[in-house]
1. Give the share of C-alpha pairs in each 5 angstrom bin for region 279-367, from 0 to the last occupied bin, in whole percents, shortest bins first.
2. Calculate, in whole percent, how much of the Cα-Cα pair population of region 15-85 lies beyond 19 Å.
3. Taking the Cα centre as origin and putting +1 on Lys and Arg beta-carbons and -1 on Asp and Glu beta-carbons, what dipole magnitude results for the chain, to the nearest 20 debye?
4. Which cross-chain or sequence-distant (5 or more) residues have an amide H under 5 Å from the amide H of N311, H modelled 1.01 Å from N in plane?
5. How large, in percent, is the carbon and sulfur part of the accessible surface of the chain at a probe radius of 1.4 Å?
6. Which angle from 0 to 90°, rounded to the nearest 10, does the C-alpha axis of helix 375-385 make with the longest principal axis of the chain?
7. For the chain, what are the per-bin percents of Cα-Cα distances with bins 10 Å wide, up to the bin holding the maximum?
8. Near the amide H of M255, under 5 Å away, which other amide H atoms are found, from residues 5 or more places off or on another chain, if H is placed in the peptide plane?
Amino acid sequence: MAGAAHCSLQAKRLLLDPKFEGYKLSLEPLACYQLGLDAAVAEVQLRDDQYTLDHMRAFGMYNYLHLDSWYQDNVYYVDQFGRVMNLSVTLDTALQKPREVFRLPTDLTACDNRLCASIHFPSSTWVTLSDGTGRLYLIKSGKRGSSASEKWEIVFNEELGSPFIIAHSVSFVKSDAHSLAMLLLRVEKDELDTKGSGFHITLEWVTIAERKEGDHRYEVSERRVLQGKSVPHYAAIEPSGDGLMIVSHKPFTFMQSESDKLEENDDAKISNEKKDPLYYWQQTEDDVTVTVHLPQDITKDDIKVHFSPDNICVTLKDQPPLVEGQLYSSVDHESCTWIIRENKSLEISLIKKNEGPRWPELIVGDTRGEFIMDSSQCSEIAESLMHLTSEVMNPNPEKENPPCNAQELEECDACLEDGASLCRFDGNTLKVTHVINLGSNQYLFSVVVNPREMPCFCLRHDVDALLWQPHSDQPENMWEHIATFNALGYVQASKQDKKFMACAPDYSYAALCECLRRVFIYRQPTPLSTVLYNRKEGRQVGQVAKQLVATLEANDPILGFQATNERLFVLTTKTLFLIKVNSGN
């Protein structure tokens, strides 16, 4: 990741509430509606050869319910007959049965190594669809959510290799041609991996563009593959199609073509040749000594060294300056000297104008030199840092602010995957341009707040959960903190049976569900209509955040979970549940 800008996420203080007092369990009833499905959801069980944690994360924990963010309260799933079923809700009291909008042409049961079918909605009129056998469908749907104008027509239908699921897709116009780009996720056998799990993860970035002939036909214009060793928590293409962002525990890299590899090897040889420092330098409190190695044929008459109070310039014969630039600090230029040593090296002595302070660099911004520190300077620095270290874990237990003690952390604070990172890849150079080390900021879930923007991702920060909106077109504000769910980071960590997490696109609540039956809802703090006092502190409480619990009347495991501003949709094998969380405006 050389050359990548190392960034950090800047939380907005105004969106944090240090005085948050926790959630109060509310017993208010939640309206819950259920719809029996005509046919069971097309669930695909993991096979015996899909035994790794990555298989479980990618396919075993797959969300079979797909939310269409372009239209309000519009969800889809695929049933065991290969039918894409849709439920569009306007009134909870007048629910229609899910209706068929499309039928996959292939017989899903005929493929032994198939994965679950996956759907993504790159725009308000386009759909990307995979049947789980390795075939990709590009569908023009018209306006969705109303049977009158909705008609799904296949525009592109092609086999793209081994089975995959669609992780993300976008629709954009480039060079006056309409294009769609999608990320295809695969977990593949890795014969070279003898010490690890024996598998690697690939993300194939496929671009499909409209042909220039004007016949409205589409064809694959580009295929690029990234490879990594862990299933990404988050992977999304930028709306313009110019880059992508990945949050993963282990890094991803683009797989190179043979021509790229040859070019990189040539670059590596050139950089290796340049590895030796151009000059070495040492310093004391009074002066700086610079040593430059000279070529064999250089004599004293060929060397020109020019000193000024803030600059230095060294030239050999009539060549461009060998060393030139602004010195870190001023020197007494009239007292500076240079000589040629017996070992054919040029030694320059610079007399510091201000005695004492150490120079961190010789020439401002020049990294071609190497600083050599003598042993007395090393011991002096070690001695100055001695007060910051101790051989005892907590040498002063009575101190007002003792150091952090890891034993005080609770079990639910332990994050199994420290070291996850967020990387932004450029689509032209295929290199990482920005990287953020997330450290202990555990990834929780993603949500589409605005379908024209990239999906947001939610990370744990201390006890809170912070929602971040990527802005690929704003280099100075590439990741914006847009909402906070107080204490949710801590609360969700204690739910050991949790399967899915989600939040409303307007941030009014967050929710999580367990593998069976139970759904937990966490509302944002709201003002109270009655007077409530905190008896411990004797003060009036202005607002309260409520926790609600819904228990579904189902024995089947939860397969899908989606949140809208008003409702939660929960999918089991044979039933679709609707939980009314907020009333409409």
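The values are calculated or read from the model by the stated rules, or taken from the named source; none is laboratory data. As the structure is a prediction and not an experimental result, all values here were calculated from the model. Please note: Cβ atoms are built from the backbone with ideal geometry, for glycine as well, and neighbour counts cover all protein chains shown. In case anyone asks, the SASA skips ligands and DNA or RNA and just uses the protein heavy atoms, side chains included. Shrake-Rupley method; radii C 1.70, N 1.55, O 1.52, S 1.80 Å.
1. 3, 14, 27, 26, 18, 9, 3, 0
2. The answer is 64 percent, as a whole percent.
3. Computed about the Cα centre, the dipole is about 2740 debye.
4. HN-HN under 5 Å from N311: L327.
5. In the chain, the share of accessible area belonging to carbon and sulfur is 48 percent.
6. Here the helix axis deviates by roughly 40 degrees.
7. Histogramming the chain at 10 Å steps yields 3, 13, 20, 20, 15, 11, 9, 6, 2, 0 percent.
8. HN-HN under 5 Å from M255: V225, L226, Q227.
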